[in-house]
Amino acid sequence: MVDLEKLKSIAKETVSRDDVKYLIGWRQGTYGFRVSPHFVEKPEEAEELIFSPLCTNNLASYLVLPEKLPLPRGVEPDSRKVALMVKGCDSRAVVQQIVEQGIKRDEIIVIGCPCEGVIDLEKVEERFPNQLESVTAQWSNGKIIFHLPEGNEEIPKEEVLATKCLTCRYPNPVLSDLMLGDEVETWGDEKYEDVKELEAKDPQERWSFWEEAFSSCVRCYSCRNVCPMCYCEDCILDRLNPTWINRSNNASENTAFHLARAFHLAGRCIECGECERVCPAGIPLTKLNRKLSKVVQENYEYIPGIDPESKPFQSSYRPEDQEDFIL
Amino acid sequence: MKENGNPYKPEIATVEDTWYETYGERSIKTFKVVLDDEKARENWGHRPGQCAMIGLLGVGESMISISCSPTEGNFLRFSVLRLGKVTGALHELEPGDKMTVRGPYGNSFPVDDWKGKKILTIGGGIGQAPLRPIVEYVRANRDEYEDLTLIYGARTSEDLVFKSEFEALGKQDDINCHLSIDIEEEGWPHYVGFVPSLLMEVNPSPENTIAITCGPPIMIRFVLENLKKLNFADEQIYTTLENRMKCGIGKCGRCNVGGLYVCKDGPVFSYATLKDVPEAFA
Amino acid sequence: MDTKKLSKDKLGEFVAVLAKQNKLYIPQKEGENLKFKPLSGDQEELDFPRITTVPPKDVFFPQTETLYRFEQGGTDISFPKEEEEAVVLGIRPCDARAMAIMDSLFSWDIDDPYFLNKREKTTLIGLACLEPGVNCFCTSVGGGPASTEGLDILLTDLGEDYLLQVLTEKGGKIKLSVEELLEEAAEDDLDTAEKLVKEATSKIGRSINTDGIQEKLPELWESPLWKNLSNSCLGCGICTFLCPTCHCFDIQDEMEGLEGRRCRVWDSCMFEEYTLHASGHNPRPSRRERLRNRINHKYSYFVQNFGKIACVGCGRCIDLCPVNIDVLDILSQVVKEAI
């Protein structure tokens, strides 16, 4: 359990440092069960920080999201560190970013938050509809307690947790400069049941499944933008000269978009599930990414985002690597 | 879908002549084009300052200033800087080739209101393209205007557009022509320095004068500053803006500065209108 | 006003008649996404969701629309055929008001034939909102659960029946075509409907005072508000693509083999490319400027140009924002700061 007072005092201390730009954490959102990323620049802003089962956002995305604007002549780039609160899955994104040299280890301060699983907002909002007043929540012995205006509600974790959390193998941050609270016991195992379910279908069935899913895409690119691993400065989706993927929305272009993204994430996706969480069309993107994770893991024993000293999967080669798929 | 009155329907036009104004990676090429459809040609009737969407089927369209005055004849001129996908493809065109044209779009310089006044144009680089129609319009109606002064500069002498025209204009008695380049060059007989400094050097009187400027955003900013120093009133200063555009008719959204749409409410604005508009000089 | 009653038992027949004579759009699922789509024949159960994820603007302003076609190397241009008569059934009053807002833009000085042609040929049958969502705030921006602006017919769910109010000539024509399915409405029914709408209105929990917001926004141009708000913005297109009044588009040429088309596709002011000049210069270089423009456009520029706010209070942008950027929160900060 993360001690909120300790969190706030550490945060205040951190952002008071001259070499720290800001700390990114979570705060209670504007209504109901919503939580918002919180950028703490001044010590007093740390008062709003929280850590709870509602903290779904993977904040590692913000390490790679800021625009690199041209600086006026004579102005040095801001090289101060960014402090970041991470759950287990989020920490894997940070590790993978370090592995790929997307960020440098000494540019960040990682504040680890052992996590017992975060909610699936949809499940919770369905259970407690039209909740306007802010609701806080906490973990408690395999349950989640929601502090509703009319009183507390205890719900068994399995009923409201995000699907990705049910099989989570890394609830404790794999990388941190300091840890808030004790490590939690790991509960998940990885059998890729969801992937196997899809694999069991015949190709025609699978195709219809994905065709319908991709047809429903609105091309808002929230999956790409939220993804902590999607940080290419020049994204293939934006390219117009030549145009790799047309701007028009149809099953064919949308499929090209999602497959291109999935392949670019093979061996890189750390399965935080953010793409699926933010998708307004409800496209089951984790199924796609996890299929590739499974292929990579089974064939190359590679799990991304674990070891900051490792080499990126797609640019490393071992003599014993399988190559029987090469025609 | 109806064809008549469809504002997205382009006219097909034939390239009659082309020539390079400048060379290199960001070359500027001028196209003299004629609309194929006779009726469309007659109905075209653009005014100085207006733009047109020109393009190629299968590639796309770009908003380009019409760089000729209607007084010059029944043709259109576009000077295109090679930058992106569309302008790159346009640069491949040779005489006899076809392009699409729709427009004319936007408002125009109020040349009628300026009659009896002194006209001062201040251009930089490709920014001379929208100013050229004023110069030609005033020349065609020379008696109706007072002094005509042109200030124009580019980075090097190789980057100046309409060079041969400027040479001819420079020899005319009724036109004051001032050229500049940013960097010293051997044999350059004119001013060396930035356009805003040349403006101070020329030191035009604001009395009964209209100043029109167009060029890179940074140049415009300093020219405006200097015009204020020279006591030009906001109402005496005009500029043309450019922004990314797609529709040209105030629908697609992207070219707005504040509540104004550059394609529809512009591209010509008086400084009096623009000075309080957010992002006008962003 | 012509008021009738439609028994829910006859809803199936009602739909069948409408579908026979018109292209009929109703809310349907595509994958997990809810949107208005043409009835394809074998629609099982009719179900009107509180709101669709994708607003029905795409009936009139499709995400991808062919402006005209051509062949590679050719100069002949062919235009798509005219739209057929259509009916949108089950549109919510907020989404219908959004169409009236878009009308102002698409007929501003120069008519946009693609949009206006579809508007002309389409009848909107609305469904009063009796169960508003948590982020509904239509009443703050000039609407309400039974607002009729933009609608041709309004249905109100009375339990066993729908009260059917004809609002326009177009609506009258549709009514005539289904006349035999309708019953007379009693005075009581009108009272019941009124009561239900009143109850619904009272259930709307969120609000904002938009008085003077048009003037307040430009005053806060340089406020730190925009940087703070945009810190967490992902720069995705959810809030604009799924906004019923957002209408920005891009025009792209697309080739398939030797066949080409010039088409328009939805674009978003939240994307970097939207304002990027070919030179590489971007007048709105970061999410701060883009977010600021989005809010200013909706609540200030649009008001300046058309005398109305380009927001109908449907709450989609709040519901769907992955990082809880909440337009009501933004506006309340604006109001607070401007004082």
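The values are calculated or read from the model by the stated rules, or taken from the named source; none is laboratory data. Model, not experiment: these values are computed from the prediction. A quick note on method: Cβ atoms are made from the backbone with ideal geometry, for glycine too, and the neighbour counts reach across all protein chains shown.
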query = If you go through region C:86-97 one residue at a time, do you hit one that is in contact with a helix residue (DSSP H, G or I) (Cβ under 8 Å, 6 or more places away or on another chain), farther than 27 Å from residue A:220 by Cα and away from chain A (no Cβ under 14 Å)?
reply = yes
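Could you grab me the full set of residues in region C:51-74 that are among the charged types (D, E, K, R) and within 10 Å of another protein chain (Cβ to nearest Cβ)? Show your work before the answer.
Going through region C:51-74, the residues among the charged types (D, E, K, R) turn out to be C:57-58, C:65, C:69, C:71.
Residues satisfying the conditions are C:58, C:65, C:69, C:71.
Residues B:255, B:214: which one is crowded, with 21+ Cβ neighbours inside 10 Å and under 30 Å from residue C:65 (Cα atoms)? Reasoning before the result, please.
Values: B:214 fails: under 30 Å from residue C:65 (Cα atoms).
B:255 is the lone residue from the list that is crowded, with 21+ Cβ neighbours inside 10 Å and under 30 Å from residue C:65 (Cα atoms).
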query = For residue C:196, all conditions in the list (1) of a type in the set (A, V, I, L, M); (2) touching a Lys or Arg at 6+ places or on another chain (Cβ under 8 Å); (3) assigned to a helix (DSSP H, G or I) hold save one; what is the number of the exception?
reply = (2)
key: Single condition residue C:82 does not satisfy, out of (1) modelled with pLDDT under 95; (2) of a type outside the set (A, V, I, L, M, F, W, C); (3) part of a strand (DSSP E or B)   = (3)
query = When you scan region B:63-86, how many residues do you find that are touching a Ser or Thr at 6+ places or on another chain (Cβ under 6 Å) and hydroxyl-bearing (Ser, Thr, Tyr)?
reply = 2
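With respect to residue A:59, is the statement that it is of a type outside the set (Ser, Thr, Tyr), in a strand (DSSP E or B) and touching a residue at least 24 places away in the same chain (Cβ under 8 Å) true?
On the way: of a type outside the set (Ser, Thr, Tyr): yes; in a strand (DSSP E or B): no; touching a residue at least 24 places away in the same chain (Cβ under 8 Å): yes.
No: the conditions fail for residue A:59.
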request  = For region B:257-282, enumerate the residues that are closer than 27 Å to residue B:6 by Cα and either touching a residue at least 60 places away in the same chain (Cβ under 8 Å) or at the interface with another protein chain (Cβ under 7 Å from one of its Cβ atoms) (or both).
outcome  = B:259, B:262, B:263, B:264, B:265, B:266, B:267, B:268
query = Can you find even one residue in region C:39-49 that is under 16 Å from the mean Cα position of the chain (by Cα), crowded, with 17+ Cβ neighbours inside 10 Å, at pLDDT 90 or above and within 14 Å of chain A (Cβ to nearest Cβ)?
reply = no
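Report yes if some residue within region B:167-189 is of a type in the set (D, E, K, R) and under 22 Å from residue B:30 (Cβ atoms); otherwise report no. It would help to see each step written out before you state the result.
To start, the set of residues in region B:167-189 that are of a type in the set (D, E, K, R) comprises B:167, B:171, B:173-174, B:182, B:184-186.
In the following step, the residues that additionally are under 22 Å from residue B:30 (Cβ atoms) were identified as B:167, B:171.
Looking through region B:167-189, at least one residue is of a type in the set (D, E, K, R) and under 22 Å from residue B:30 (Cβ atoms).
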inquiry  = Consider region A:44-82. How many of its residues are under 23 Å from the mean Cα position of the chain (by Cα) and either within 14 Å of chain C (Cβ to nearest Cβ) or closer than 30 Å to residue A:156 by Cα (or both)?
reply    = 22
Count - residues of region C:254-263 that are at the interface with chain B (Cβ under 8 Å from one of its Cβ atoms) and at pLDDT 95 or above = 2
message = Contact list please: Cβ distance under 6 Å, first residue in region C:93-117 and over 18 Å from residue C:301 (Cβ atoms), second residue crowded, with 20+ Cβ neighbours inside 10 Å and polar (S, T, N, Q), pairs at least six apart or on different chains.
response = C:93/C:147; C:97/C:147
key: Of residues in region B:123-178 being assigned to a helix (DSSP H, G or I) and hydroxyl-bearing (Ser, Thr, Tyr), the one surrounded by the most Cβ atoms within 10 Å (Cβ to Cβ)   = B:137
note = Of the residues in region C:294-326, those that are within 14 Å of chain A (Cβ to nearest Cβ) and either part of a loop (DSSP other than H, G, I, E, B) or without any contact (Cβ under 8 Å) to a residue 40 or more places away in the chain (or both) come to C:314, C:315, C:321, C:322, C:323, C:324, C:325, C:326
inquiry  = Condition (residue is surrounded by 15 or more Cβ atoms within 10 Å (Cβ to Cβ), in contact with a Gly (Cβ under 8 Å, 6 or more places away or on another chain) and small (Gly, Ala, Ser)) applied to region B:10-30: is it met by at least one residue?
reply    = no
ask   = Name the residues in region A:85-108 that are surrounded by fewer than 24 Cβ atoms within 10 Å (Cβ to Cβ) and of a type in the set (S, T, N, Q), would you?
value = A:101
inquiry  = Going by what's in this entry, would residue A:165 be described as touching a residue at least 60 places away in the same chain (Cβ under 8 Å) and more than 29 Å from residue A:233 (Cα to Cα)?
reply    = no
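Those residues that are among the acidic types (Asp, Glu), closer than 30 Å to residue C:204 by Cα and buried (at least 17 other Cβ atoms within 10 Å of the Cβ), I need them from region A:109-133; list them, please.
If we filter region A:109-133 for residues that are among the acidic types (Asp, Glu), which is where we start, we get A:116, A:120, A:122, A:125-126, A:133.
With closer than 30 Å to residue C:204 by Cα added as a condition, the list becomes A:120, A:122, A:125-126, A:133.
Listed by number, the residues that qualify are A:120, A:125.
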query = Which of the residues belonging to region A:1-43 are within 11 Å of chain C (Cβ to nearest Cβ) and charged (D, E, K, R)?
reply = A:27, A:34, A:41
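Among the residues that make up region B:243-250, is at least one of them of a type in the set (Gly, Ala, Ser), under 20 Å from residue B:215 (Cβ atoms) and surrounded by 22 or more Cβ atoms within 10 Å (Cβ to Cβ)? Show your work before the answer.
As a first pass, look at region B:243-250 and keep what is of a type in the set (Gly, Ala, Ser): B:248, B:250.
Still in the list and also under 20 Å from residue B:215 (Cβ atoms): none.
There is no residue in region B:243-250 that is of a type in the set (Gly, Ala, Ser), under 20 Å from residue B:215 (Cβ atoms) and surrounded by 22 or more Cβ atoms within 10 Å (Cβ to Cβ).
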task = Could you please find all residues in region A:92-119 being farther than 18 Å from residue A:275 by Cβ and in a helix (DSSP H, G or I)?
result = A:95, A:98, A:99, A:105, A:106, A:107
message = Exactly one condition in (1) on the phi > 0 side of the Ramachandran plot; (2) in contact with an Asp or Glu (Cβ under 9 Å, 6 or more places away or on another chain) is false for residue A:286; which is it?
response = (1)
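Among the candidates C:211, C:152, C:189, single out the residue that is surrounded by fewer than 19 Cβ atoms within 10 Å (Cβ to Cβ), away from every other protein chain (no Cβ under 14 Å) and not aromatic (Phe, Trp, Tyr). It would help to see each step written out before you state the result.
Working: C:152 fails: surrounded by fewer than 19 Cβ atoms within 10 Å (Cβ to Cβ); C:189 fails: surrounded by fewer than 19 Cβ atoms within 10 Å (Cβ to Cβ).
Residue meeting the stated conditions: C:211.
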